[in-house]
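One structure is given below, encoded as structure tokens.
The values are calculated or read from the model by the stated rules, or taken from the named source; none is laboratory data. What you see is a predicted model, and the numbers here were worked out from it, not measured in a lab. Positions of Cβ are generated from backbone atoms using ideal geometry, with glycine treated the same way; all protein chains shown enter the neighbour counts.
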Amino acid sequence: MSEAQAPKFENGVVRWIDSRLPIFTMLHHEYRGYPMPRNCNYMWSFGGMAGFMLIVMIVSGVFLSMNYTAHVDHAFQSVERIMRDVNNGWLMRYIHMNGAHMFFVVVYIHIFRGLYYGSYKQPRELLWIIGVVILLLMMATAFMGYVLPWGQMSFWGATVITNLFSAFPLVGDPIVTWLWGGFSVDNPTLNRFYTLHYLLPFAILGVVVLHVAALHVVGSNNPDGIDTKSPKDSVPFHPYMTVKDGYAMLVFLVAYAALVFFAPNFLGHADNYIPADPLVTPAHIVPEWYFLPFYAILRAVPDKLGGVLLMFGAIAVLFILPWLDTSKVRSTNYRPIYKPFFWILVLSLIVLTWVGAKPAEGVYVWIARVATLYYFFHFLILLPILGKIEKPLPLPKSISEPVVRGGGPTPAAATAKPMEKA
């Protein structure tokens, strides 16, 4: 084993442990010495932020579970007790509650970065699929967690969402009964949602480990979307990326702290501070903002089964995305025709988020239908056809070329000869 492969540790205890269990060598190879493309920008910091938020959610969730009572007669009061009587309980709850919002913010940005720079393309197909699995687990965990405070939105959100499965012929009603643990959303429902909400984050953690392992096999993508061809195309993860990620993390923590300390209920719904009442239906049932695009797709279709299928299809299409995009170029920077369509996709999802919070009536329904139509058109029709007919800009000869020359994705920089070795 070479010197680069077998690092020498100065600490005797570390050497003793590493000679028997080479965990420090593994950490050195996988993180400190892991080669990163030298042109990665701050968009590559959101993956680390997502990992940090997962740990925050697990730690704060364990603390809250020690003081929570999973019973329909006591759940709401136990949350109030956490807020008022448990030492620093208000802080832990606000960290956990707003942490869910920040977690989805960084994960959605992480996903859109992957979409823009083509991080789902060969050889990173499996890496992308594992990431979509993480998104699904996050959504399930967040939905069950929203039920636990047992407020009006918690109860009626659980009733509406679980009832969606009744749209499936034959198996729908048995699935709903199984989810409820009875014939309505009641104590058995709350108990099983609490159990799954506690366990699923650890499942997410396991899948994240697989996600990182797959990443370290195929390597990180970069803004140019080209492979590293020489050592000068990459830099060690530490200290170059750790410093960059550390700065990005500080900025993120400032925004997170501002939300927790100055506007902790800004993203919540006032009706969820009313105890659940099965006899009083809220005027307007609205899920959390990170579910709104899919909720809008669900309501855009007049047929219940069709709406449910489209809602699940909006996620399912991401699993086959690596094979829908036929372009040989990864980065959207080098796809002049596709670039505006990408931003139209982003706009359509913003519109779906907006109309998802509006009543399902009048012009909002038609806006949701147009945005839904474009969402599926983008993935199922536009990407396969455009990849065949679009002529991309010339790619740089190497990652280091535009970085060293100070140029970007321009034809002149792309066709220039690589710099000779000094």
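Got at least one residue in region 208-222 being modelled with pLDDT of 95 or more, farther than 22 Å from Ile130 by Cβ and in a helix (DSSP H, G or I)?
Scanning region 208-222, I find no residue that is modelled with pLDDT of 95 or more, farther than 22 Å from Ile130 by Cβ and in a helix (DSSP H, G or I), so the answer is no.
Identify all residues within region 381-398 that are in a loop (DSSP other than H, G, I, E, B) and either free of Cβ contacts under 8 Å to residues at least 12 places away in the same chain or closer than 14 Å to Asn333 by Cα (or both); write none if there are none.
Applying the first criterion (in a loop (DSSP other than H, G, I, E, B)) to region 381-398 yields 390-398.
Result: Glu390, Lys391, Pro392, Leu393, Pro394, Leu395, Pro396.
Being within 29 Å of the chain's Cα centre (by Cα), surrounded by 13 or more Cβ atoms within 10 Å (Cβ to Cβ) and closer than 21 Å to Phe76 by Cα is the filter here; which residues of region 270-299 pass it?
The answer is Asp271, Asn272, Tyr273, Ile285, Val286, Pro287, Glu288.
Here are Leu267, Leu310: which of them is surrounded by 18 or more Cβ atoms within 10 Å (Cβ to Cβ) and either in contact with a Pro (Cβ under 9 Å, 6 or more places away or on another chain) or within 30 Å of Val160 (Cβ to Cβ) (or both)? Show your work before the answer.
Numbers: Leu267 fails: surrounded by 18 or more Cβ atoms within 10 Å (Cβ to Cβ).
The conditions single out Leu310.
Sort through Pro264, Pro302, Pro336 and tell me the only one that's modelled with pLDDT of 95 or more and more than 30 Å from Gln77 (Cα to Cα).
After applying the criteria, what remains is Pro336.
I'd like the full set of residues that are within 30 Å of Leu179 (Cα to Cα) and surrounded by fewer than 18 Cβ atoms within 10 Å (Cβ to Cβ), limited to region 195-249.
Thr195, Leu196, Leu199, Leu200, Phe202, Ala203, Leu205, Gly206, Val207, Val209, Leu210
Out of curiosity, is Met102 at pLDDT 95 or above and either surrounded by 21 or more Cβ atoms within 10 Å (Cβ to Cβ) or among the aromatic types (Phe, Trp, Tyr) (or both)? Before you say what the answer is, go through the steps one by one.
Numbers: at pLDDT 95 or above: yes; either surrounded by 21 or more Cβ atoms within 10 Å (Cβ to Cβ) or among the aromatic types (Phe, Trp, Tyr) (or both): yes.
Yes.
Looking at region 85-120 only, could you name the residues that are of a type in the set (A, V, I, L, M) and under 13 Å from the mean Cα position of the chain (by Cα)?
Within region 85-120, Ala100, Met102, Val105, Val106, Val107, Ile109, Ile111, Leu115 qualify.
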